[in-house]
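Peer 1: Okay, here's the structure, questions in a sec.
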Amino acid sequence: MFKEIFENLRQVRPLVHCITNYVTVVDVANAVLACGASPIMADDSGEVEEITSICTSLVINIGTLSKRTVPSMLLAGKQANALSHPVVLDPVGVGASAFRTQTAFDLLNNVRFSVIRGNSSEIKTLLRQDASTQGVDADIKDSIHEDNIDQYVALAQEVSKRYHAIVAITGAIDIVADDNQAYIIRNGHPLMSKITGSGCMLSGILGGFIGANPANILTAVAAGVATMGLSGEIAHEKMLQFDGGTSTYRTFLIDAISNMNETILKRGVRIELR
Amino acid sequence: MFKEIFENLRQVRPLVHCITNYVTVVDVANAVLACGASPIMADDSGEVEEITSICTSLVINIGTLSKRTVPSMLLAGKQANALSHPVVLDPVGVGASAFRTQTAFDLLNNVRFSVIRGNSSEIKTLLRQDASTQGVDADIKDSIHEDNIDQYVALAQEVSKRYHAIVAITGAIDIVADDNQAYIIRNGHPLMSKITGSGCMLSGILGGFIGANPANILTAVAAGVATMGLSGEIAHEKMLQFDGGTSTYRTFLIDAISNMNETILKRGVRIELR
Amino acid sequence: MFKEIFENLRQVRPLVHCITNYVTVVDVANAVLACGASPIMADDSGEVEEITSICTSLVINIGTLSKRTVPSMLLAGKQANALSHPVVLDPVGVGASAFRTQTAFDLLNNVRFSVIRGNSSEIKTLLRQDASTQGVDADIKDSIHEDNIDQYVALAQEVSKRYHAIVAITGAIDIVADDNQAYIIRNGHPLMSKITGSGCMLSGILGGFIGANPANILTAVAAGVATMGLSGEIAHEKMLQFDGGTSTYRTFLIDAISNMNETILKRGVRIELR
């Protein structure tokens, strides 16, 4: 099912405008390159509209948010909408501060997002503002497991309905949903939470996948999420070979993204459509 | 002596708020994760008090200082003090510019730090303002060796007395002191100065160690400093196996932190209490 | 021809002030260290003149430009000029937005640069403002190959004449020129464009090479460009041994820079003087 997605990625080589946090930005740029797209990071209000105009898609990530970049996010988002470029929102740490929560809702009220990707706590906050966001990781009581998948599919679909976006909730189990279907993806590895940036990298990659596949966003997002999850598994196996630790794992994770294609993904993906 | 320190780290899994420079921030985040804590980077004055409130400890690092973040550092520091969260100061490059020196003293005069960690030139500057800080590395004439340890222990203890903080001076030999005792730690490797961020990573890690051990800060800081030094040695051995260079070294350094525990540390640490 | 260049680098251990983008800054810092120099990143207008004063050279990189840092670039550049420190300009993405283009010309009109390094699209823009800059990568129609080298040598020399600087155009083939001679360097590997920051790292390294060799800038820049290109080849060979991907490649690239010396470079360089 992912053959066309990857073919388009190779053919379009989308240019992805990222307004993202300074913690993981270098890994996001390298992950976007690894998946076959090309990143450009720019966040000054004096240039974001022009930069977005020459790009294929836009990724807005609210980690290390600052008053300086919020207006840039809004300007870029509106410009991307005007040009019908797909836009990804990564609401990092929404709920952890009023500033992040307010900014997330300002963005959602003023920009039309094609994709919203977050952990379960973040996505909950977008709906009810009462989830517990403990920093940038999902709260333990919000973790997705086999017994509560239905509840999280319903959450994803409710958020999808409200914001007219594909919603990706990532964690031990990943959910990619629009308002009436949902992919459940069971790839990934717990070590992904022992490095910074696996979520941010995924959001960057999704900018590439949907930039090359604007007519098929649900499948493109599922392919991107599965690519990241399977890369996380491949990285773990390779890390064991080299008797490594978390930084070796990070290296091999981006390596695996750079070596991913439809054949490898088809062999390793564990995906279900509900 | 470090068993309880590591046990607390695993049990508490402290959340460390870092206001740190954008050069080494990704390595700091990964090092904090590697040691078993969880980082959150946030530096906007609009959210730092809230972010600090949900965290266990705070790390303030003045590398790539900007006028925008100085007020954030003060706000977060005061809030951490109000909540009795331990706070680490890393006075990167203090003495290299009036702006850095002034900011360091403003912080020291307005925030109560549990730990101050720097190289010998930086720590000297905190006391006398006449040390020669050449950029962000210690000046060669400030290097600690067997013949002048006593002098640097006295320096650390004088700074400790003045600011009521545990003081860690790191270099070829590390000193961790309060006003009447001092650990001398002889771990580490010269390659640590051939990568950026080993000091910043250590300060981040100390945020984790003391966040989990607020009642035992001197020992916790010694454990953190020893963890970093021994990891530097382990990384060097592994780098040689792979015929690598400085970037491989950086990878293996963080790997070693992620694999560290009381057993490995006990076997490799060279520590002396004076 | 590069023996003296490396000897000076080892002896001077230049301190390089970098005002650079936050995407690749950690790799720039590590690359500068790897080549034997020492980096200091500082971009606040309140300290850049002082920081530049204690350094050997200055590197200005306009990626992730912001209104906050443009005045800092001008202040630092003028101060470096006043002290006769060599200055490198990396006009990342010039032409991609009016803000970047305007800033590049403001810098060129107010600061005397010793070296300008960019890809072919960026260097074209500095001359004619009509090149197509697609984000931060060179446009495909601006790529340098054996059939159009003369044309790019002429471009480099015209830019060199206009701005009284050594000009380095890097790509599949690299050109390093002053107004009447040009080195053609045929080292490098296509994977260098699959990671972020190879251009930024090179500009940082050039700050080290010319800081240690201010009397011999053309040769120093050629040595720096050749070091980067050959390191890109060595990294590729090693990556194949480990069956790696782009992130392993990035690690081995910096490793190779850290292991480079006149002997290795002499053996592997493919350089021609026209």
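Peer 1: May I ask you to list the residues in region A:96-141 that are in a helix (DSSP H, G or I), in contact with a Lys or Arg (Cβ under 8 Å, 6 or more places away or on another chain) and at pLDDT below 85?
Peer 2: Listed by number, the list is empty, since nothing qualifies.
Peer 1: Might you check whether a residue that is more than 14 Å from every other protein chain (Cβ to nearest Cβ), within 18 Å of the chain's Cα centre (by Cα) and of a type in the set (Val, Ile, Thr) occurs anywhere in region B:50-70?
Peer 2: The answer is yes, given that some residue of region B:50-70 is more than 14 Å from every other protein chain (Cβ to nearest Cβ), within 18 Å of the chain's Cα centre (by Cα) and of a type in the set (Val, Ile, Thr).
Peer 1: Check A:Val88 against each of (1) assigned to a helix (DSSP H, G or I); (2) in contact (Cβ under 8 Å) with a residue 60 or more places away in the chain; (3) crowded, with 24+ Cβ neighbours inside 10 Å and name the one condition it does not meet.
Peer 2: Against the list (1) assigned to a helix (DSSP H, G or I); (2) in contact (Cβ under 8 Å) with a residue 60 or more places away in the chain; (3) crowded, with 24+ Cβ neighbours inside 10 Å, A:Val88 comes up short only on (1).
Peer 1: Which of (1) within 20 Å of A:Gly211 (Cβ to Cβ); (2) surrounded by fewer than 20 Cβ atoms within 10 Å (Cβ to Cβ); (3) out of contact with any Leu (no Cβ under 8 Å at 6 or more places or on another chain) is the odd one out, the single condition A:Leu58 does not satisfy?
Peer 2: (2)
Peer 1: Right, here's the next one. May I ask you to verify whether C:Leu15 is in contact (Cβ under 8 Å) with a residue 60 or more places away in the chain and either within 16 Å of the chain's Cα centre (by Cα) or at the interface with another protein chain (Cβ under 8 Å from one of its Cβ atoms) (or both)?
Peer 2: yes
Peer 1: Between residues in region A:263-274 that are in contact (Cβ under 8 Å) with a residue 24 or more places away in the chain and residues that are surrounded by 16 or more Cβ atoms within 10 Å (Cβ to Cβ) and acidic (Asp, Glu), which pairs lie under 8 Å by C-beta distance while being six or more apart or on different chains?
Peer 2: Close Cβ pairs (under 8 Å, with a partner that is surrounded by 16 or more Cβ atoms within 10 Å (Cβ to Cβ) and acidic (Asp, Glu)) amount to A:Gly268/A:Glu233.
Peer 1: Given the structure, is A:Gln79 at pLDDT below 95 and not aliphatic (A, V, I, L, M)?
Peer 2: It is false that A:Gln79 is at pLDDT below 95 and not aliphatic (A, V, I, L, M).
Peer 1: Right, next: On the basis of being buried (at least 22 other Cβ atoms within 10 Å of the Cβ) and more than 10 Å from chain C (Cβ to nearest Cβ), does A:Leu33 make the cut?
Peer 2: Here the answer is no, as A:Leu33 does not meet what is asked.
Peer 1: Here is a follow-up. When only residues in region A:142-157 that are part of a helix (DSSP H, G or I) and touching a residue at least 12 places away in the same chain (Cβ under 8 Å) count, which is farthest from A:Thr196 (Cα to Cα)?
Peer 2: Filtering region A:142-157 for residues that are part of a helix (DSSP H, G or I) and touching a residue at least 12 places away in the same chain (Cβ under 8 Å), the one farthest from A:Thr196 (Cα to Cα) comes out as A:Gln157.
Peer 1: One residue is enough: does region A:77-90 have a residue meeting the conditions within 14 Å of chain B (Cβ to nearest Cβ) and out of contact with any Leu (no Cβ under 7 Å at 6 or more places or on another chain)?
Peer 2: Scanning region A:77-90 turns up no residue that is within 14 Å of chain B (Cβ to nearest Cβ) and out of contact with any Leu (no Cβ under 7 Å at 6 or more places or on another chain).
Peer 1: Applying the selection to region C:210-254, what residues are in contact with a helix residue (DSSP H, G or I) (Cβ under 8 Å, 6 or more places away or on another chain) and without any contact (Cβ under 8 Å) to a residue 24 or more places away in the chain?
Peer 2: Listed by number, the residues that qualify are C:Lys238, C:Phe242, C:Gly244, C:Gly245, C:Thr248, C:Thr251, C:Phe252.
Peer 1: Something else about it: Out of all the residues in region A:39-78, which are in contact (Cβ under 8 Å) with a residue 60 or more places away in the chain and among the hydroxyl-bearing types (Ser, Thr, Tyr)?
Peer 2: A:Thr56, A:Ser57
Peer 1: OK, next. Please go through region C:186-212 and pick out each residue that is away from every other protein chain (no Cβ under 14 Å) and either of a type in the set (A, V, I, L, M) or more than 22 Å from C:Arg267 (Cα to Cα) (or both).
Peer 2: C:Leu202, C:Ser203, C:Leu206, C:Ile210, C:Ala212
The values are calculated or read from the model by the stated rules, or taken from the named source; none is laboratory data. What you are looking at is a predicted structure, and each value in this text was computed from that prediction instead of being measured. Using ideal geometry, Cβ is built from the backbone for each residue, glycine included, and neighbour counts are taken over all protein chains shown.
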